[in-house]
Amino acid sequence: MKLLTCEYSGRTFAAVSDGARVWEAAPDMRALIEKLGGALPGAEFCTGEGIALADVKLLAPIPAPAQDVVCLGMNYVDHSAEAESWGGAAEFKKNAGKAVYFSKRAAYIIGPGDLIDGHFDIVDSLDYEAELAVVLGRDAYRVSEAEAKEYVLGYSVLNDISARNLQTAHKQFYFGKSLDTHTAMGPWIVTRDEFAWEPELPIRCYINGEKRQESNTRLEIYGAAHVIAELSAGMTLKAGTIIAMGTPAGVGMGFNPPKYLKSGDVIRCEIDGIGALENAVG
């Protein structure tokens, strides 16, 4: 089942979809997650004729998250290696053997087709990162790895847009990862029952049709079960929490010379079984 936020006939609402039609389910995704109460949606949501999926405008599935996005850094070996050659991983060598976490401010998240503001007045090295997003369906506190699956609502595609000059100048990720429009997500959340646990899904990113990233989520160093268990050991991860699971090699800063984004570029992030998220730089 797909969970989505959409516009139709002048209204915005959260819906469920079978891939062909959508059925309104709640005023917004946060309300739908609360309504589900940790369960997955079933056929009871698909009553009546519904609306053709092609007739709605898709927004980010969670346009206004209640908390910052939780992100993993250097969570693919190949990306860690390319970042180290660039110098971006040096400060994390002391954390060898431990996951690298950071927070990404997302007052609002853009969805499929929305424009990315390059903020080129303060950014000279705009980059892309295709990532698997894990969305929690219930509050998680002191959850074991064995229990973690039951706390996952589903998965989406996320583009962790990054201002590399700000990221490096400030010696941490928060500012360089958190500019307005620099989190894109979509086209929907696919519920966890559509995949094996943990999902092993091909992931790719194209810039203007040129393939830049290609990997598989099975190559993540730390999977969702580890992350949920580790973080929830000391903090509550609220229902609706978005966890961005890191990106593989092939980001713009990894090339020599770097291939940063410019106005007019089109970024397409794909994860098999979930879908594609495409945005252009304004």
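The values are calculated or read from the model by the stated rules, or taken from the named source; none is laboratory data. Here the structure is a predicted model, which is why all the values come from computation and not from measurement. Reconstructed Cβ throughout: ideal geometry from the backbone, glycine too, with neighbour counts over all protein chains shown. Ligands, DNA and RNA are excluded from the accessible area calculation, which covers all protein heavy atoms including side chains. Shrake-Rupley method; radii C 1.70, N 1.55, O 1.52, S 1.80 Å.
Here's the yes/no breakdown for (1) touching a Pro at 6+ places or on another chain (Cβ under 8 Å); (2) in a helix (DSSP H, G or I); (3) not aromatic (Phe, Trp, Tyr):
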position	(1), (2), (3)
Phe175	no, yes, no
Thr181	no, no, yes
Glu198	no, no, yes
Ile203	yes, no, yes
Leu231	no, yes, yes
- request: Scan region 272-282 and give yes if some residue there is more than 21 Å from Leu59 (Cβ to Cβ), free of Cβ contacts under 8 Å to residues at least 12 places away in the same chain and either part of a loop (DSSP other than H, G, I, E, B) or of a type in the set (S, T, N, Q) (or both), otherwise no.
  value: no
- line: Filtering region 246-271 down to residues that are within 14 Å of Arg204 (Cα to Cα) and part of a loop (DSSP other than H, G, I, E, B) yields Gly246, Thr247, Pro248, Ala249, Gly250, Val251
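Listed residues Tyr108, Tyr141; which is open to solvent by 30 Å² or more (accessible area, probe 1.4 Å), at pLDDT 95 or above, among the aromatic types (Phe, Trp, Tyr) and touching a Pro at 6+ places or on another chain (Cβ under 9 Å)?
After applying the criteria, what remains is Tyr108.
Can you tell me which residue within region 128-152, out of those that are acidic (Asp, Glu) and outside any loop (DSSP other than H, G, I, E, B), is farthest from the chain's Cα centre (by Cα)?
First, the residues of region 128-152 that are acidic (Asp, Glu): 129, 131, 139, 145, 147, 150.
So of that shortlist, the ones also outside any loop (DSSP other than H, G, I, E, B) come out as 131, 150.
Numbers: Glu131: 6, Glu150: 19 Å.
It comes out as Glu150.
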- prompt: Mind checking which residues of region 1-16 are surrounded by fewer than 24 Cβ atoms within 10 Å (Cβ to Cβ) and hydroxyl-bearing (Ser, Thr, Tyr)?
  reply: Tyr8, Ser9, Thr12
- prompt: Has region 190-197 got any residue that is open to solvent by less than 60 Å² (accessible area, probe 1.4 Å), closer than 22 Å to Gly154 by Cα and among the hydrophobic types (A, V, I, L, M, F, W, C)?
  reply: yes
- prompt: What tally of residues in region 161-171 results from selecting those that are under 22 Å from Pro248 (Cβ atoms) and open to solvent by 20 Å² or more (accessible area, probe 1.4 Å)?
  reply: 1
- line: Of the residues in region 253-282 that are within 18 Å of the chain's Cα centre (by Cα) and of a type outside the set (A, V, I, L, M, F, W, C), the one that is surrounded by the fewest Cβ atoms within 10 Å (Cβ to Cβ) is Gly273
Top-ranked residue of region 29-48 - restricted to ones that are at pLDDT 95 or above and open to solvent by 70 Å² or more (accessible area, probe 1.4 Å), ranked as nearest to the chain's Cα centre (by Cα): Arg30
